[in-house]
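The next block holds one structure in the form of C-alpha cells; read it before the comments.
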Amino acid sequence: MVEFLKNLLSPKIAEVTGIEKGIIYDLLESPKTIEHGHLAFPVFTLAKSLKKAPPLIAQELQKKLENKIQNVTDIKAMGGYLNFTFQDQFLQEILSNKISESPQKLGFQKPNHQKVVIDYSSPNVAKPMSIGHLRATVIGQAVRNLAESQGYEVTGLNYLGDWGVQFGKLAYAYLEWEGGKANQYPFKEKPFEALFQLYVDFHKACEEDPELEKKGSLTFRRLEEGDPEITKLWKIFLEISLNEYNRIYQQLNVKFDLIQGESFYNDKMEQTIELIKKKSLLEESDGAQVVFFKDDEMPPCILKKSDGATLYATRDVTSAIYRHDKMGAQHLIYVVGVDQNLHFRQVFKVLELMGYEWAKNCHHIAFGMYRFKDMGKMSTRRGKVIFMDDVLNKSIELAKSIIEQKNPDLENKEKVAEQVGVGAIIFNDLSQDRIKDVDFDWDRALDFEGDSGPYVQYSIVRCKSILRKFGREIPAKMEVPLTSPQERHLVRLMLNYSEALTISYKNFKPSFLAQYLLDVCRAFSSFYQSQKILDPAIDEKLTLSRLRLVQCVESLLTQGLGILGVQSPEKM
C-alpha cells in the first residue's frame, strides 16, 4: 500500500539529501488533495543545515530528482514541499496485488515480537451489561484488532469484577429469600434475570432495614475466609453471569483470550504491599497505608485502608506487575471510562516510582459517557438501567422494519437485520471520538445514506451486487489505466488503508479508521455515479479493470469493518 511507495522514494531522496532513509520514510506524508500528488516530502528539516529557505530547497531537490525515479510521472516543488505523482496503472497494480496477496490481512504489518495485554469490557458479575459497558467492550475489541494489524502479539483480557461485598449481599439474600420466594426468583428457568432481581430487591430492602447491609458484609467475610457454602454460591453466580455475557459478546463479535477476575489477585496483593514498603514508598496516613506523590499535584494513592482492606489501586498495581512479569507483556492497555483518569495516573505513577521502566508503556484508553437523551442517571441498584441487550434488540427490530419497507423479499432477513442492527450500534460508537460523550440518536445510527454502519454495509452490498451481476471471473490485473478523477481519487484513497490502521492504533482511536472507511464509501459512490461499469458499449478491458476496482473496494471495506467488529451482509 502507501508504505510500498514510501520505500520506493526514501532511498532516492536519501541519496540527494544525505538524510537517513528511515527518517525520510517517516517524514513522507499523503497530501490532502490528489492535485498535490500521491506523496509529499517536507523539506523544512533541511533549512537549518543548508541555510536556505524551504521553497528554494524544494526547487533544487526537484531538479536533482527529475527523471530519476521509476514510475513517477511528476515531481513538483510547492512551497516547502516536494510532491510526487505516480503512474496511474502502477498504483492500480500495487493496490490489486496487495489485495490478492493478503485478502484477510490487508495492510497488516510484519510481526514485531512485542506483546500487548488489553484489558476491556470488564463487567461486574451478577449485573446485566448496560449501555454503559458498550464503549469499554467495542472500543476495546477494535483497539485489540488494530494492535494485531500492527504486528503485536495480543492478549485480550476480560478483567471481571468478581469480588467484593456485593457477593456477600447476594449470598445472604439467596440463602434467606430464595427458598421462600421460589416463584419470584426463577433460577432454573431464567437464572440471570433471577440473580439480578435478587440484587435489586436486596438494595430496596436495605432502605427499610439498614441492618441488612451489615449482614451482607458479614456474609462476604465468610467468603473471604473460604466458607464452602458461600464459595459454592459465588461460583454459581459467576457461571450464571458468564453465560449471559458470552451470549452478548458473541452477538457483538467480541472475543477474549483470557478471562481473569479481580479475585485472581487476592493472594498476590500482600506481596505488592511488601515490595512497595521495601522501596520506602509506603507511608502511614490516618491509619491507612499510602504512597505520596511529592513532586506531583495528585492526591496520595491509598493502598490499604485503616481497617487493613485493600483497594482497586492495590489490585491494579498488582495486576500490572503480574501482566508484565508473568504474562510477558511489554505494553499494558486499559480501556476504561474517563472518570477513572486520576485512578490510572496514580497507579502508573506508583509503578514508575517502584522503578519499573515499562510503566511508560501503560496506557489508559479513556472514553466519555454514553447517553440517551430521554434517560436520567442510571442506577443498577434501583433497576433503572438501559440494558445493552435491550438496545441491541431494539436496533435489530428497527433494522428489520427498514428492510421490510425497502426490500421485503430479501432472503435471510433475520440474519441481515441482526448484522445491520448490531453493526449500527457498534459503528455509531466507534465513528465518534472516544474521548467525547455520545448522545445516542437512532435515526443517525440506522441511516442507510448517512455516516453510519449501514451506509458502509450498503456500499459493500452494492459492490457484491455488481460483481454478481457480471457473473464471470475477473482478472486480478488491471490492464487499462483508470484515469478519471473519481477513479484516481478512489485508488489513491485505498492505498492509504495501511496508514489509516497505523494512525488509528497509535492514537488508540478506532474513529480514525471508521471515518476513513466512510471516505472510501463516498469516493466509491462518486465513482459509481460517474463511471459506466457494466455498460456493453465500453471497451471490455476497461470494464474488467473497473470491476477489479470494485472487487478491491469490497475487500477493503469488508476487512476494515471487520477490524471494527462489524459484519458485512451479502445482501440488504
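The values are calculated or read from the model by the stated rules, or taken from the named source; none is laboratory data. Computed from a predicted model, the values in this text were never measured in an experiment. Note that each Cβ is placed from the backbone with ideal geometry, even for glycine, and that neighbours are counted across all protein chains shown. Note: accessible area is taken over every heavy atom of the protein model, side chains too, but ligands, DNA and RNA are not part of it. Shrake-Rupley method; radii C 1.70, N 1.55, O 1.52, S 1.80 Å.
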Check your understanding: Could you work out the helix-only [θ] at 222 nm for the chain, with each DSSP H run of four or more residues adding -39,500 (n - 2.57) and the total divided by the number of residues, to the nearest 500 deg cm²/dmol?
Key -> -17000 deg cm²/dmol
Review point. What are the ³J(HN,Hα) values, in whole Hz, obtained from phi via the Karplus relation 6.51 cos²θ - 1.76 cosθ + 1.60 with θ = phi - 60°, for each residue of the range 140-150 in sequence order, with x given for Gly and Pro?
Key: x, 5, 5, 5, 4, 5, 5, 4, 4, 5, 9
**Study point:** Protection proxy ranking of 51-64, 191-204 - average other beta-carbon atoms within 10 Å, highest first
**Key:** 191-204, 51-64
**Study point:** Accessible surface of the range 22-96 [probe 1.4 Å, protein heavy atoms]: carbon and sulfur percent
**Key:** 52 percent
**Study point:** Whole-number percent relative contact order across the chain, with pairs defined as alpha carbons under 8 Å at least 6 apart
**Key:** 17 percent
Exercise for review: Using the heavy atoms of the protein chains and a 1.4 angstrom probe, tell me the accessible area per residue for the range 278-321 in square angstrom.
Suggested key: 57 Å²
Check your understanding: With axes computed from alpha carbons, what is the tilt in degrees of helix 497-506 against the longest principal axis of the chain, rounded to the nearest 10 within 0 to 90?
Key -> 30 degrees
Revision key, fill the gap. For the range 31-185, dividing by residue count, accessible area per residue (probe 1.4 Å) in Å² works out to 43 Å²
Study note, to complete from the structure: For the chain, longest principal axis from Cα atoms; helix 88-101 axis from its Cα atoms; angle between them, nearest 10 degrees, is 40 degrees
Point to revise | Once the Cα gyration tensor of the range 190-320 is diagonalised, semi-axes √(5λ) in Å | key: 33, 22, 15
Study note, to complete from the structure: Taking only the Cα positions of the range 89-187, the convex hull volume per residue in Å³ is 154 Å³
Review point. Equivalent-ellipsoid semi-axes (√(5λ), Cα gyration tensor) for the chain, whole Å, largest first?
Key: 51, 33, 17
Practice item. Quick one: angle between helix 211-224 and the longest Cα principal axis of the chain, in degrees between 0 and 90, rounded to 10, please. Key: 70 degrees
Study note, to complete from the structure: Computed for the chain: size of charge dipole around the Cα centre, +1 on C-beta of each Lys and Arg, -1 on C-beta of each Asp and Glu, debye to nearest 20, value 1440 debye
Exercise for review: Using a 1.4 Å probe over the heavy atoms of the protein chains, calculate the carbon and sulfur portion of the accessible area of the range 406-533 as a whole percent.
Suggested key: 45 percent
Check your understanding: In square angstrom, what is the accessible area per residue of the range 419-572 with a 1.4 angstrom probe?
Key -> 38 Å²
Review point. Once amide H atoms are built 1.01 Å from N in the peptide plane, which residues 5 or more positions from THR155, or in another chain, come under 5 Å H to H?
Key: VAL116, VAL117, ILE118
**Study point:** Theoretical gain in end-to-end length, ASP227 to ARG444 [0.36 nm per residue, Cα-Cα removed]
**Key:** 72.9 nm
Practice item. Rounded to whole Å and sorted largest first, list the principal axis extents of the Cα atoms in the range 245-338. Key: 48, 28, 28
